[in-house]
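The structure under discussion appears below in the form of structure tokens.
Bear in mind that the values in this text are calculations on the coordinates, not laboratory data. Only a predicted model underlies this, so the values are computations on that prediction, with no experimental measurement involved. Using ideal geometry, Cβ is built from the backbone for each residue, glycine included, and neighbour counts are taken over all protein chains shown.
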Amino acid sequence: MSETPCRGCEELLELYLDGELAEEEVREAEEHLDACGYCRRHYRFERLFRTYMWQATSEPIPPELSSKLAALRSSTKQ
């Protein structure tokens, strides 16, 4: 089990997470993740990070915060 970064790991993981790999490439990526501790941890982090970012950006801004931000923007333009 590898504990050092793999060559090409970043690009492969990005494409895997984005669902942009062909079926054979998906199998290869999954086999690699099963065998490589470093890449498996990196994949888990990226997956959780993307989930967190999606949740954080999909929640509506409370009206009072929106008003405060609008006031702040207009005061910095003057």
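Results for (1) of a type in the set (A, V, I, L, M, F, W, C); (2) surrounded by 12 or more Cβ atoms within 10 Å (Cβ to Cβ), shown as yes or no for each residue.
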position	(1), (2)
L13	yes, yes
L33	yes, yes
G37	no, yes
F45	yes, no
L65	yes, no
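Would you confirm, using the coordinates I've provided, whether S75 is surrounded by 10 or more Cβ atoms within 10 Å (Cβ to Cβ) and out of contact with any Cys (no Cβ under 9 Å at 6 or more places or on another chain)?
no
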